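Participant: Take a look at this one; I'll ask things after.
Readers should treat all values here as calculations from the given coordinates under stated rules, not as data from a laboratory. Because the structure is a prediction, the values reported are computed rather than measured. With ideal geometry, Cβ positions are generated from the backbone for all residues, glycine too; neighbour counts draw on all protein chains shown.
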Amino acid sequence: MELWFTEEHTENVRFSMKVDKQLYSGKSEFQRIDIFESVEFGRVMALDGYLMLTEKDEFIYHEMITHVPMCVHPNAKKVLVIGGGDGGTVRELLRYESIEHIDLVEIDEEVVEVSKKYLPQTACGLDNPKVHCHYEDGLRFIRRVENEYDVIIVDSTDPFGPGEGLFTKEFYGNCYKALHEDGIMVNQHESPFYDEDAYAMQRAHKRIKQSFPISKVYQLHIPTYPSGHWLFGFASKKYHPVNDADFDKWNKLGLKTKYYNTNLHKASFAMPNYVEEMLRDVES
Ligand code: SAM
């Protein structure tokens, strides 16, 4: 008998992958958590039936959400990751010796525990002494923080369920307050392709633009995400994501990456015409 994991990308489009075996299935206080071994993509995490990451393509997401802000900020020492309980973003951040302190604010401790057990590829850095885990809602955590961080990475689920609050004007305004005067926020910014994702993307962009003087989006290709065409937001108090990036300095770090490079960094901020139009529609 064949076993398949299917995710509904829209009511008319489904994405399926053949499953070798289910490794974990549980329900936390916040969501259903599934880990399975797929034939094509290796181990997979799904939350409430939505694919979060696969062993085969997680490097794309975690490199692009980390190295773009880290290439732009000249001296990031203290970083906040909201969400990211699988540990992939923390793993990439720990490659920078300049970083002294990482706060990980993950609402669901079970995601961290399950990731440590079944996804060592992404969770490998979560016990590093530089990493401080806080198991609470990022929306609440950020309310009590001011002028604390150089970089905030919002590595969240989608704008419904526990992740809904991480796409609000209040949240973005509090992220602005929590950042130093030259701080940068990067966030999981949905996609321009399918209507529902595009609506969420435009709404997020409009709200971030209301809080940050510099607010851009950049694109990446994630084979297992709806349409594969995915966006991250780049919001900053001071630095432009391309003009102020010191690409030579980053290249001299000698970090080996599978997806990110400084040419791609520049190019990822160039948008297709239809996406530029979507962004303009909510900027005015
Ligand atoms: N990094 C993964 C990837 O490669 O796509 C996906 C993101 S990660 C699994 C999303 C995390 O955000 C989940 O662990 C979820 O529990 C967490 N999360 C959702 N809502 C949250 C909230 N309000 N505060 C903190 N963490 C939240």
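Participant: Distance between Cα centroids, segment 20-78 to segment 121-193: provide it in whole Å.
Facilitator: Rounded to whole Å, the Cα centres lie 16 Å apart.
Participant: Please compute the modelled spin-label separation between Asn251 and His134, points set 7 Å along Cα→Cβ, answer in nm with one decimal.
Facilitator: Result for the modelled spin labels: 3.8 nm.
Participant: Take every Cα pair under 8 Å in the chain that's 6+ residues apart, average their separations, divide by the length, and report that relative contact order as a whole percent.
Facilitator: In percent, rounded to a whole number, it is 15.
Participant: Nearest 0.05, what FRET efficiency do Glu113 and Asn273 give at R0 = 35 Å with Cβ-Cβ as r?
Facilitator: The formula returns an efficiency of 0.20 here.
Participant: Another question, then. Is the chain rounded, prolate or oblate when judged by the Cα gyration tensor, a ≥ b ≥ c being the square roots of its eigenvalues, rounded requiring a/c under 1.5 and prolate requiring a/b larger than b/c?
Facilitator: Cα axes put the chain in the rounded bin.
Participant: For the peptides 243-251, 200-208, what is the packing order when you average, over each peptide's residues, the other Cβ atoms within 10 Å and list the highest mean first?
Facilitator: Taking the mean over residues of other Cβ atoms within 10 Å, the ranking is 200-208, 243-251.
Participant: Full-extension gain between Gln22 and Cys124, please, as 0.36 nm times their residue separation minus the C-alpha to C-alpha distance.
Facilitator: Stretched fully, the Gln22-Cys124 segment lengthens by 34.6 nm.
Participant: What is segment 3-54 by shape, rounded, prolate or oblate, if you read a ≥ b ≥ c off the alpha carbon gyration tensor as root eigenvalues and call it rounded for a/c under 1.5, prolate for a/b larger than b/c, and oblate otherwise?
Facilitator: It is oblate, given that a/c is not under 1.5 and a/b is not larger than b/c.
Participant: Next question, about the same structure. Assign one of three labels to segment 6-94, namely rounded, prolate or oblate, based on the Cα gyration tensor with a ≥ b ≥ c the square roots of its eigenvalues; rounded applies when a/c is under 1.5, prolate when it is not and a/b is larger than b/c, and oblate otherwise.
Facilitator: Here segment 6-94 falls in the prolate category.
Participant: Would you mind putting 17-25, 131-139 in packing order, based on average other-beta-carbon counts within 10 Å, highest first?
Facilitator: Result, highest mean Cβ count within 10 Å first: 131-139, 17-25.
Participant: If you stretched the chain out fully between Lys237 and Asn147, how much longer would it get, using 0.36 nm times the residue separation minus the C-alpha to C-alpha distance?
Facilitator: Extending this stretch completely gives an extra 31.2 nm.
Participant: Separate question: Report, in listed order, any pair from Lys56/Lys116; Lys56/Lys209; Lys27/Lys56; Lys18/Lys209 with a Cα-Cα distance greater than 29 Å.
Facilitator: Correct reply: Lys56/Lys209; Lys18/Lys209.
Participant: With a cut-off of 13 Å, note down the residues of segment 189-214 whose backbone N falls inside the zone around a label point 7 Å from the Cα of Glu283 toward its beta carbon.
Facilitator: Only 205-206, 209-210, 213-214 fall inside the zone, counting backbone N under 13 Å.
Participant: How high is the relative contact order of segment 1-159, in percent, with contacts defined as C-alpha pairs under 8 Å that are six or more residues apart?
Facilitator: With pairs under 8 Å counted, the relative contact order is 19 percent.
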